[in-house]
Ligand code: F6P
Ligand code: MG
């Protein structure tokens, strides 16, 4: 039976689960309160009725915060017409039978998904704040501060242009570049620009050295790295579809787009990309459809970035933005958006797919085939040349967030997803769960870092690949 091990839970006081529920959530909820407060200072939310309602919302979120600290029972999600209510509530009933239906006794993964869904109902039941994303400003501000990384990557992409022909005939160069691109996209999840490779394509030969050196330096931090196997799969593809189950907005999304662009524009392997966003404000920074379109326009908005680009940098960035917009217009880049859910989103060929809400639900991916929505989300990934799952939360959901022995093979940990389509997880470690490590490594790291920080500090990462047909 899957999964065989106990879920990570705040009941273990040494866990990052406990730290999150007791310390990080109160901070996040306080930020939500601040966001409402600031929004009601001007514009549509400052209208007397909206402002009054804002005060009510702040009170409810204050109650939620207090309830968590008092370890109260989690109430069923009220029907706000939104997604995944049945699944949330049936899982909650099950937890109630186990006497695990309070904030500090429920499995961490469930409680955390519930938290964001519960927050959503608070806004959904309002009259004036239905469409309010309490994390919007935060996401935007962080991206505005990411100018340097953005300009660097745009410059790097610019340098690829004259190398197009060379890349078409030099497979080794393509491989080196591919490896660097995967790592760039991986560290985009750390949202730590200092970890970003400075890719340079001036001379391909030199690049191979630079790539190799940089690779060695960073590979010590990648606790499990399947990039070579991944390459052996990718190099055989022709005009395949790439799927990216997105994680965070802003800089990470920018790195996702760079990887997607590289694969479509400079390699024969892929010719289309489907991006899978969230459909409700999720784990603070996850991509909503509106974040996707706002990123595309921000790239050419004057004075958007805190640090101004040089005219040349602005040119490179604008060239990139133009190409990406043309890909969106022609359907080469598609955002998987539910019908009717993304008002104002007129982005090329929007694909109305069933199952799009699955990614903003409580279900673990290894059991996807057991629910109708999960099956629909799975069906949408079938036929993919590669499905990339970005970030920590996706990794927790892939592995069910349970205490697997650290040496558990990745395919075992991902349940029904194993072997169905080629699957890649790019994750910087920000939670307790870990699998796929060689024998002894977890013990060695535990000894080196007795507080178990290596599991959740974001310093380490994993690149895990499960090919089609492997279980
Ligand atoms: O708050 C818990 C958590 O899931 C952590 O595991 C992680 O730090 C974060 O939220 C989400 O990280 P990511 O954006 O990489 O999924
Ligand atoms: Mg996230």
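Quick notes
- Check on residue 68, within 23 Å of residue 279 (Cβ to Cβ), under 27 Å from the mean Cα position of the chain (by Cα) and not assigned by TED's automatic domain parsing to the domain that holds residue 431: no
- Candidate set from the range 344-378 (those that are part of a loop (DSSP other than H, G, I, E, B) and under 19 Å from the mean Cα position of the chain (by Cα)); member that is modelled with the lowest pLDDT: 355
- Listed conditions (1) modelled with pLDDT under 95; (2) more than 16 Å from ligand 1 (Cβ to nearest atom); (3) within 28 Å of residue 411 (Cα to Cα); (4) part of a loop (DSSP other than H, G, I, E, B) are all met by residue 215, apart from (4).
- Restricting the range 432-457 to residues that are part of a loop (DSSP other than H, G, I, E, B), at pLDDT below 95 and surrounded by fewer than 19 Cβ atoms within 10 Å (Cβ to Cβ) leaves a set whose member that is farthest from ligand 2 (Cβ to nearest atom) is 450.
- Pairing residues of the range 1-18 that are more than 15 Å from residue 455 (Cβ to Cβ) and in the same structural domain as residue 431 (by TED's automatic domain parsing) with residues that are at pLDDT 95 or above and exposed (fewer than 14 other Cβ atoms within 10 Å of the Cβ), at Cβ distances under 7 Å and at least 6 apart in sequence or on separate chains, gives no pairs at all.
- Residue, farthest from residue 284 (Cα to Cα), within the range 379-413, restricted to residues that are within 16 Å of ligand 1 (Cβ to nearest atom) and part of a strand (DSSP E or B): 402
- Filtered residues of the range 241-299 (kept if modelled with pLDDT of 95 or more, away from ligand 1 (no atom under 15 Å from the Cβ), farther than 17 Å from residue 326 by Cα and not in a strand (DSSP E or B)): 267, 268, 269
- Listing of helices (runs of 4 or more DSSP H) fully contained in the range 76-146 that carry 3 or more residues being over 19 Å from residue 66 (Cβ atoms), over 24 Å from the mean Cα position of the chain (by Cα) and away from ligand 2 (no atom under 16 Å from the Cβ): 85-97
The values are calculated or read from the model by the stated rules, or taken from the named source; none is laboratory data. Remember, it's a predicted structure, so these values are computed and weren't measured experimentally. A quick note on method: Cβ atoms are made from the backbone with ideal geometry, for glycine too, and the neighbour counts reach across all protein chains shown.
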